[in-house]
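Asks: I'd like to ask you about the structure that follows.
The values are calculated or read from the model by the stated rules, or taken from the named source; none is laboratory data. These numbers come from a predicted model, not from an experiment. Here the Cβ positions follow ideal geometry from the backbone for every residue, glycine too, while neighbour counts run over all protein chains shown.
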Amino acid sequence: MRQPHFFILLIFLLSLPVNVDGSSLKISPLKVSLGEGRRSAVLSLTNTGEEAITLQVSAKRWLQDETGKDIYSDTEDIIFFPRIFQIEKGKTRIIRVGYQGAVDVQVEKAYRLFIEELPVTAPRGEILRFVLRFAVPVFITPSREVRRPIIEKVGLAHGSVRVKIGNAGNTHLLMRKLVITGVGASGREVFSRETAGWYILEGSSRAFIVNITEQECLEADVIKIKATGEHLNLEAKLDLKPEYCKASERKGRAHTGRKAG
């Protein structure tokens, strides 16, 4: 008998509800904040799909390296119940989440609660199986939150605009989108690019790269940058010169422009 083949789709939780091939799970809230006066919270999960689903839960410490890449490690700081459970069609279950570390923190501590659907083996035949995996942020917030988003660097190299966003505060930032707009001498918009953002944890920074063509570079006099998100609204600009757009230059050094915001 032929063995079933499973294709796994990992969906990290950014917005809800998520619908995949008749299977849907609605989770609320999308983010958990704990701290002084609040050591526990409740997540509500509703199965709006057509079949029962079995879920497995785990918690990880969440850090970011010098490039902004997410790093996860095992932790016992976060406690939760249940760990494995089933939700019938149309039903709702809850996950209780708690923190057992010190809450008098000066800088925020970040974790993620991974909620993963366990696959069901088909009795026969070849099937297409989607497995949902959500990652709910859990933050231990300081008593006094300081939000300080900054644009650390704007540059042009290798045909790409590189924007580095930093977090000089003591709590996380959520950049939802970055818009790069090229403007010509007459104020005409030459090009516009939009890229999705991501979390930037306290003390971290993350570079976002947007590609442009040599012709777009030559036609633009200035590149305007706008980053927006949760408690974040930054603007900067990069003044261009024709030599910046030459192939030899685009393969060489970065040209850094003036920043604002």
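Asks: Only residues that are among the aromatic types (Phe, Trp, Tyr) and in contact with a Cys (Cβ under 8 Å, 6 or more places away or on another chain): list them for the range 160-193, please.
Replies: The answer is none; no residue qualifies.
Asks: While we're looking at this one, here's another question. Would you be able to tell me the number of residues in the range 117-128 that are surrounded by fewer than 17 Cβ atoms within 10 Å (Cβ to Cβ) and either modelled with pLDDT of 95 or more or of a type in the set (Asp, Glu) (or both)?
Replies: Summing the residues that are surrounded by fewer than 17 Cβ atoms within 10 Å (Cβ to Cβ) and either modelled with pLDDT of 95 or more or of a type in the set (Asp, Glu) (or both) in the range 117-128 gives 1.
Asks: Here's something else I'd like to know. Is it true that Leu45 is in contact (Cβ under 8 Å) with a residue 60 or more places away in the chain, surrounded by 11 or more Cβ atoms within 10 Å (Cβ to Cβ) and within 26 Å of Gly203 (Cα to Cα)?
Replies: It is false that Leu45 is in contact (Cβ under 8 Å) with a residue 60 or more places away in the chain, surrounded by 11 or more Cβ atoms within 10 Å (Cβ to Cβ) and within 26 Å of Gly203 (Cα to Cα).
Asks: Considering (1) farther than 21 Å from Asn170 by Cα; (2) surrounded by 13 or more Cβ atoms within 10 Å (Cβ to Cβ), say which one Val105 fails and leave the rest.
Replies: It is condition (1) that Val105 fails.
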